[in-house]
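Quick notes on the structure that follows.
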Amino acid sequence: MPRPANPAPGEKRSAVQAKGACVCGAVSFEIDVPAVWAWHDHSQRSRRAHGAAYATYVGSWKSRFRMLDGEEHVTRYEDAEAGTVRSFCARCGTPLFYERARSPKIVNIPRANFATRTGREARYHMHLPELADWTWQGEKLVPLKGYPGVMWVPPGRRRKPPPEDVI
């Protein structure tokens, strides 16, 4: 999967790249902009791999992806049951790459690993049936008195679910 930073003679390359890195900076890479697509993954596997309610990914053609530094710090976890490979930084644990057997020419990268724009907005949601019941879904937030910068959903009346016999 990793490709050299310097393109081969005659290789096409976008005029714009988005650079990404892990938290500790040991691993760095770039993709040509624009990315192929971006989406929010609500699957339990991604939630656990990232330790978050959901993961937002940017997909890039592998031919438009290049490792810049730290390939020796990349460790891989193969999930044979799911047909996926997830890569992490061995030094700091940052999730780096997500590859699926059914999309062998695409590498998916957590959007948070990029400091600059990737040319795609995440407009798609995958695995919504696996959405965690504790995920914030746009409820009205208000400031928490005495705690600057903290917002919360105050307790109140809960909306009644619609009756099941409505036609």
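Each value in this text was obtained by applying a stated rule to the coordinates, not by laboratory testing. All figures in this text were calculated on a predicted structure; none of them were measured in a lab. Here the Cβ is made from the backbone with ideal geometry for all residues, glycine too, and neighbour counts use every protein chain on show.
Count neighbours as other Cβ atoms within 10 Å of each site's Cβ, and list the trypsin sites (Lys or Arg not before Pro) in segment 104-153 that are DSSP loop with at most 16 such neighbours.
Numbers: sites: Lys105, Arg111, Arg117, Arg120, Arg123, Lys140, Lys145; in loops: Lys105, Arg117, Arg120, Arg123, Lys140, Lys145.
Here the sparse-neighbourhood loop sites are Lys105, Arg117, Arg123, Lys140, Lys145.
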Item to check | Val27 long-range amide H proximity, modeled H, under 5 Å | outcome: Cys22
Checklist entry - Over the C-alpha atoms of the chain, what are the Rg and the largest Cα-to-Cα span, Dmax, in Å? => result 19.5, 67
Item to check | Which of Tyr54, Tyr124 has the fewest Cβ neighbours within 10 Å, and the rest in rising order | outcome: Tyr124, Tyr54
Checklist entry - Ordered by residue, what ³J(HN,Hα) values in Hz, to whole numbers, does segment 84-100 give under the Karplus form 6.51 cos²θ - 1.76 cosθ + 1.60, where θ = phi - 60° and Gly and Pro are x? => result 10, 10, 10, 10, 9, 6, 5, 7, 10, x, 4, x, 10, 9, 9, 10, 10
Checklist entry - In whole Hz, what ³J(HN,Hα) sequence does segment 15-20 give by Karplus (6.51, -1.76, 1.60; θ = phi - 60°), x for Gly and Pro? => result 6, 10, 10, 10, 9, x
Checklist entry - Taking θ as phi - 60°, what are the ³J(HN,Hα) couplings along segment 114-122 by the Karplus curve (6.51, -1.76, 1.60), each to the nearest whole Hz, with x for Gly and Pro? => result 9, 8, 10, 5, 10, x, 9, 8, 6
Item to check | Expected 222 nm ellipticity per residue - DSSP helices of 4 or more, -39500 (n - 2.57), all of the chain, to 500 | outcome: -1000 deg cm²/dmol
Item to check | For Glu121, Glu99, Glu81, order by how many other beta-carbon atoms lie within 10 Å, fewest first | outcome: Glu81, Glu121, Glu99
Checklist entry - What is the sum of charges around Arg123, taking Lys and Arg as +1, Asp and Glu as -1, for the other residues whose C-beta is under 15 Å from the C-beta of Arg123? => result +1
